[in-house]
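Asks: I have a structure I would like to understand better, so I am pasting it below and will then ask my questions one at a time.
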Amino acid sequence: MSHSLILSRDHDGRRLDRTLRSIWPAMPLSAIMRGLRMGSVRLDSVRVREPGTRVHAGQELYVSWEGPEERTFERRWGTVPILWRGESALVVDKPANLLVQPDVKDGDSVVTRVWGMVGGREAGFSPAAVHRLDRNTTGALAVALRGDALRGLERLFKERRVTKRYLAVVVGRAPESGEVDAPLLKDAAANTVRVDRDGKSALTRFRRLAGAEDEKLSLVSIDLLTGRTHQARVHMAHAGFPILGDRKYGCFEANRRWAERVRRPLLHAALLGFPELRDAPLAELSGRTFRAPLPEDMRSFAAEWGWDDRDLD
């Protein structure tokens, strides 16, 4: 049995092999590559054997195997707060204790919740997070609703054209401002990161917003000039101001002292800002800045110190 379909804008500009894998995710890569070698794949009636061939929206894709499995995602995991929604993307306010991507098939996560909220998908694409936040980090997260938007947004983040500003409660009296320029090396097996000269370059800037000397805590804003795994947590600890509640890189004594009140690393993605953009589909994000309100566990500290998140800029 064969199948044909018209490629959508979600596939425009992608490699043929990746397009096939996205439409038939359960099909082994070896079977896809064998189909290409045997001439079983056609674009607009022309046999294509080169996996790296770029496809375009509107082309007819023909394969000699069955069509993709129809798949929808029911809303069984609840919802996630939306800060903004456009045609090509949306920005959500991620809660704590929620993965960005599911760790098991169709498990609870930001993307599966978004999928349940926005409905079905075109063949080969479902909502996809553009960047990552740790399970217990809250705040602004961009999710692409189209393939062309995902590729464009990933390029913006890679080129460091997106402003990412975090808020954190840290241990110690932080200086008025500071900078950490230290390479980070990831240990994938242990899921930890450390400062190491053999790591990837990483740059973080921070400034003190408020705090209480008697409690030896500070509220800081953190600008990540790079996007390394656990960057804010590792760099702040390296600077001598670990994030309160961080059991992996934090201060054991401080965490124990505040255990009744603090149940996670107090880190929040407060602001996500996009540059001027002219071309579709990202033009709807041009010049926009999105702010995620402080979660209650951090708001209580900020309120005691007389700071309001409207003062973030």
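The values are calculated or read from the model by the stated rules, or taken from the named source; none is laboratory data. All figures in this text were calculated on a predicted structure; none of them were measured in a lab. Positions of Cβ are generated from backbone atoms using ideal geometry, with glycine treated the same way; all protein chains shown enter the neighbour counts.
Asks: Take the residues of the range 208-225 that are in a loop (DSSP other than H, G, I, E, B) and touching a residue at least 40 places away in the same chain (Cβ under 8 Å): which is farthest from the chain's Cα centre (by Cα)?
Replies: Step one: filter the range 208-225 for residues in a loop (DSSP other than H, G, I, E, B), giving 213-216, 225.
In the following step, the residues that additionally are touching a residue at least 40 places away in the same chain (Cβ under 8 Å) were identified as 213, 216, 225.
Numbers: Glu213: 35, Lys216: 32, Leu225: 15 Å.
In this case the residue turns out to be Glu213.
Asks: Determine the pairs where a residue that is of a type in the set (Asp, Glu), located within the range 263-277, has a partner that is modelled with pLDDT of 95 or more with Cβ atoms under 6 Å apart, the partner being 6 or more residues away or on another chain.
Replies: Matching pairs, first to second residue: Glu276/Ser286; Glu276/Gly287.
Asks: I'd like to know if the range 185-193 contains one or more residues that are under 24 Å from Thr138 (Cβ atoms), surrounded by fewer than 17 Cβ atoms within 10 Å (Cβ to Cβ) and touching a Leu at 6+ places or on another chain (Cβ under 9 Å).
Replies: Step one: of the range 185-193, the residues under 24 Å from Thr138 (Cβ atoms) are 186, 191-193.
Adding the requirement that they be surrounded by fewer than 17 Cβ atoms within 10 Å (Cβ to Cβ) leaves 191-192.
Within this subset, residues satisfying the condition of being touching a Leu at 6+ places or on another chain (Cβ under 9 Å) are none.
There is no residue in the range 185-193 that is under 24 Å from Thr138 (Cβ atoms), surrounded by fewer than 17 Cβ atoms within 10 Å (Cβ to Cβ) and touching a Leu at 6+ places or on another chain (Cβ under 9 Å).
Asks: Exactly one condition in (1) in the same structural domain as Glu154 (by TED's automatic domain parsing); (2) under 19 Å from Ser126 (Cα atoms); (3) crowded, with 18+ Cβ neighbours inside 10 Å; (4) among the aliphatic types (A, V, I, L, M) is not met by Val104; state its number.
Replies: Only one criterion is unmet by Val104, namely (3).
Asks: Kindly provide the set of residues from the range 14-32 that are exposed (fewer than 14 other Cβ atoms within 10 Å of the Cβ) and either part of a loop (DSSP other than H, G, I, E, B) or touching a helix residue (DSSP H, G or I) at 6+ places or on another chain (Cβ under 7 Å) (or both), ordered by number.
Replies: Scanning the range 14-32 gives Pro25, Ala26, Pro28, Leu29.
Asks: Just the residues that are under 15 Å from His238 (Cα atoms) and in a loop (DSSP other than H, G, I, E, B), please, taken from the range 150-192.
Replies: Residues satisfying the conditions are Gly172, Arg173, Ala174, Pro175, Ala182, Pro183.
Matching residues to (1) assigned by TED's automatic domain parsing to the domain that holds Leu285; (2) under 27 Å from Leu203 (Cβ atoms); (3) of a type in the set (Phe, Trp, Tyr):
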| residue | (1), (2), (3) |
| --- | --- |
| Asn97 | no, no, no |
| Asp108 | no, no, no |
| Met117 | no, no, no |
| Ala128 | no, yes, no |
| Ala144 | no, yes, no |
| Val170 | yes, yes, no |
| Ala182 | yes, yes, no |
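Asks: Every residue in the range 204-228 that is surrounded by fewer than 17 Cβ atoms within 10 Å (Cβ to Cβ) and not charged (D, E, K, R), please.
Replies: Ala212, Leu225, Thr226, Gly227
Asks: Can you confirm whether the range 95-108 contains a residue that is out of contact with any helix residue (DSSP H, G or I) (no Cβ under 6 Å at 6 or more places or on another chain), outside any loop (DSSP other than H, G, I, E, B) and farther than 30 Å from Gly273 by Cα?
Replies: no
Residues checked against (1) touching a Leu at 6+ places or on another chain (Cβ under 9 Å); (2) not small (Gly, Ala, Ser):
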position: Thr229; (1), (2): yes, yes
position: Ala232; (1), (2): yes, no
position: Ala239; (1), (2): no, no
position: Ile243; (1), (2): yes, yes
position: Tyr249; (1), (2): no, yes
position: Asn255; (1), (2): yes, yes
position: Pro265; (1), (2): yes, yes
position: Glu276; (1), (2): no, yes
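Asks: Just to check your reading of the model, which residue among Glu253, Glu260, Glu276 is outside any strand (DSSP E or B) and within 26 Å of Val130 (Cβ to Cβ)? Explain how you work it out, then say what you get.
Replies: Working: Glu253 fails: within 26 Å of Val130 (Cβ to Cβ); Glu260 fails: within 26 Å of Val130 (Cβ to Cβ).
Only one candidate qualifies: Glu276.
Asks: Oh, and also: Any chance you could count how many residues in the range 226-250 are in contact with a strand residue (DSSP E or B) (Cβ under 6 Å, 6 or more places away or on another chain) and not in a loop (DSSP other than H, G, I, E, B)?
Replies: Number satisfying all stated conditions: 8.
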